[in-house]
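J.: My questions will all concern the structure given below.
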Ligand code: PLP
């Protein structure tokens, strides 16, 4: 059975060019970049070349890029490192729709006695800027707000957020794990202090990420030991993966507008096809400010998990907004924060595309969706 992979916000296929770039660093160039001798030392320049490739995708200086193991590490390092550097009474401002990689460290800091404010979103999943303004008005804070939401693809107005945070004297971190590589980002024009990204969301392997730290930002090192990564993140560099991340960033940057146009057209076709073929469906999230690859569709009166199961049966990989917790099917926290009605929240499905998807794959999903939905609705206690 062939796979139609529409779960690219969960993880992506490693680009063949990325694998090719990595292989020499397993086979031949396996030295330690910190070594004094030529064999190890020659590897260091490949690490620095990768740093330049990551920086170029973000409009950053290479000295502002720290390699990490994943997006979660970058988020934890930024939030905990900035909070620790700012001192005991620091306030944290975040949102109700962040990824657990951000909410986890924020809630940990709350247990340690920090004042943590979670800003709400409107029915479109857009950040409540008035709430943010009020929270910022209470004094300097560490602010962590995502660039784009993993479940709905909704893009927060980062330029406005950065301006507001700066005016209030705050430090701004953004979890851009879903945004990097999918939309153009230029940190020369936006005063974000720290930004997290993750390799496996942009066609590099799992186990590599990066944290952008703008020069002069106060953040404590989070891995103590050697002098690697300017003393911020000690530990011998994961050279093959760093090289892979660099190549993935270079590929993402190439013709980014063309890729956005093509992926958005496929996403729009999928969305329109599903809405036309299946009654009682709705799109969740701000359709004007969304990642080009993501659509979150609610199928009223049926469970997302049941739809996924039937899709999986025909080789289609997507994701539900729900998480099965302690035996009860809880609708997604993000969808609930948007106030989506109960009967729609339970049946929300996220389709997330990549540059590798084809017209034919999208047509296949549109063709098979109505039968799956009709079959499940025939069994639903909510349909009269
Ligand atoms: N932040 C967001 C918005 C994500 O979507 C994810 C992964 O799904 C993460 C952070 C965590 O990234 P990683 O899997 O690299 O730890």
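J.: What number of residues within the stretch 47-79 satisfy the criterion of being part of a helix (DSSP H, G or I) and within 15 Å of the ligand (Cβ to nearest atom)?
T.: Within the stretch 47-79, residues that are part of a helix (DSSP H, G or I) and within 15 Å of the ligand (Cβ to nearest atom) number 10.
J.: Looking at 292, 279, which one is over 21 Å from residue 8 (Cα atoms) and in a loop (DSSP other than H, G, I, E, B)?
T.: 279
J.: Can you pull out the residues in the stretch 340-369 that are within 22 Å of residue 290 (Cα to Cα) and loosely packed, with under 13 Cβ neighbours inside 10 Å?
T.: Answer for the stretch 340-369, where residues must be within 22 Å of residue 290 (Cα to Cα) and loosely packed, with under 13 Cβ neighbours inside 10 Å: 341, 358, 359.
J.: Which condition number does residue 125 fail, the rest of (1) farther than 29 Å from residue 233 by Cα; (2) away from the ligand (no atom under 16 Å from the Cβ) being met?
T.: So residue 125 meets the others, but not (2).
J.: State which residue is farthest from the ligand (Cβ to nearest atom) when the search covers only the stretch 135-168 and only residues that are within 18 Å of residue 114 (Cα to Cα), outside any helix (DSSP H, G or I) and modelled with pLDDT of 95 or more. So that I can check it myself, show each step before the final result.
T.: So the first thing to find is which residues in the stretch 135-168 are within 18 Å of residue 114 (Cα to Cα), and the list is 135-145.
Remaining after also requiring outside any helix (DSSP H, G or I): 138-145.
Checking which are modelled with pLDDT of 95 or more leaves us with 141-145.
Details: 141: 20, 142: 17, 143: 16, 144: 11, 145: 11 Å.
Result: 141.
J.: Could I ask something else about it? Report the residue count in the stretch 243-270 for those that are buried (at least 20 other Cβ atoms within 10 Å of the Cβ) and within 29 Å of residue 159 (Cα to Cα).
T.: Adding up the residues that qualify gives 10.
J.: Right, here's the next one. Please go through the stretch 169-193 and pick out each residue that is within 30 Å of residue 356 (Cα to Cα) and within 16 Å of the ligand (Cβ to nearest atom).
T.: 174, 175, 176, 177, 178, 179, 180, 181, 182, 183, 185
J.: Right, another one. Among the residues in the stretch 141-160, are any more than 15 Å from the chain's Cα centre (by Cα) and free of Cβ contacts under 8 Å to residues at least 40 places away in the same chain?
T.: Looking for residues that are more than 15 Å from the chain's Cα centre (by Cα) and free of Cβ contacts under 8 Å to residues at least 40 places away in the same chain, one finds at least one in the stretch 141-160, hence yes.
J.: Something else now. Return the residues of the stretch 1-25 that are surrounded by fewer than 19 Cβ atoms within 10 Å (Cβ to Cβ) and part of a loop (DSSP other than H, G, I, E, B); say none if nothing qualifies.
T.: Within the stretch 1-25, 1, 2, 3, 10, 11, 13, 14, 23 qualify.
J.: Of the numbered conditions (1) in a helix (DSSP H, G or I); (2) buried (at least 16 other Cβ atoms within 10 Å of the Cβ), residue 203 satisfies every one except a single condition; which is it?
T.: So residue 203 meets the others, but not (1).
J.: Is the stretch 204-214 home to any residue that is more than 16 Å from the ligand (Cβ to nearest atom) and over 18 Å from the mean Cα position of the chain (by Cα)? Please lay out each step first, then the result.
T.: Taking the stretch 204-214 first, the residues more than 16 Å from the ligand (Cβ to nearest atom) are 213-214.
So of that shortlist, the ones also over 18 Å from the mean Cα position of the chain (by Cα) come out as 214.
Yes, because at least one residue in the stretch 204-214 is more than 16 Å from the ligand (Cβ to nearest atom) and over 18 Å from the mean Cα position of the chain (by Cα).
J.: May I pose another question? Among the candidates 118, 131, which residue alone is touching a residue at least 12 places away in the same chain (Cβ under 8 Å), surrounded by fewer than 19 Cβ atoms within 10 Å (Cβ to Cβ) and not in a helix (DSSP H, G or I)?
T.: Exactly one residue qualifies, and that residue is 118.
J.: Could I ask something else about it? Suppose we filter 32, 89 for residues that are modelled with pLDDT under 95, part of a loop (DSSP other than H, G, I, E, B) and surrounded by fewer than 20 Cβ atoms within 10 Å (Cβ to Cβ); which single one remains?
T.: Step by step, each of 32, 89 is checked, and only 89 is modelled with pLDDT under 95, part of a loop (DSSP other than H, G, I, E, B) and surrounded by fewer than 20 Cβ atoms within 10 Å (Cβ to Cβ).
J.: Filter the stretch 304-321 for residues that are surrounded by fewer than 18 Cβ atoms within 10 Å (Cβ to Cβ) and modelled with pLDDT under 95 and give the result.
T.: Answer for the stretch 304-321, where residues must be surrounded by fewer than 18 Cβ atoms within 10 Å (Cβ to Cβ) and modelled with pLDDT under 95: just 305.
J.: Still on this structure, please answer the following. Search the stretch 296-308 for residues that are outside the structural domain of residue 277 (by TED's automatic domain parsing) and pair each with any residue that is surrounded by fewer than 24 Cβ atoms within 10 Å (Cβ to Cβ) and in a strand (DSSP E or B) when their beta-carbon atoms are under 9 Å apart and the residues are at least 6 apart or on different chains.
T.: Here the result reads none, with nothing in the stretch 296-308 linked to a residue that is surrounded by fewer than 24 Cβ atoms within 10 Å (Cβ to Cβ) and in a strand (DSSP E or B).
The values are calculated or read from the model by the stated rules, or taken from the named source; none is laboratory data. Model, not experiment: these values are computed from the prediction. Methodologically, a virtual Cβ is constructed for each residue, glycine included, from the backbone with ideal geometry; neighbour enumeration extends over all protein chains shown.
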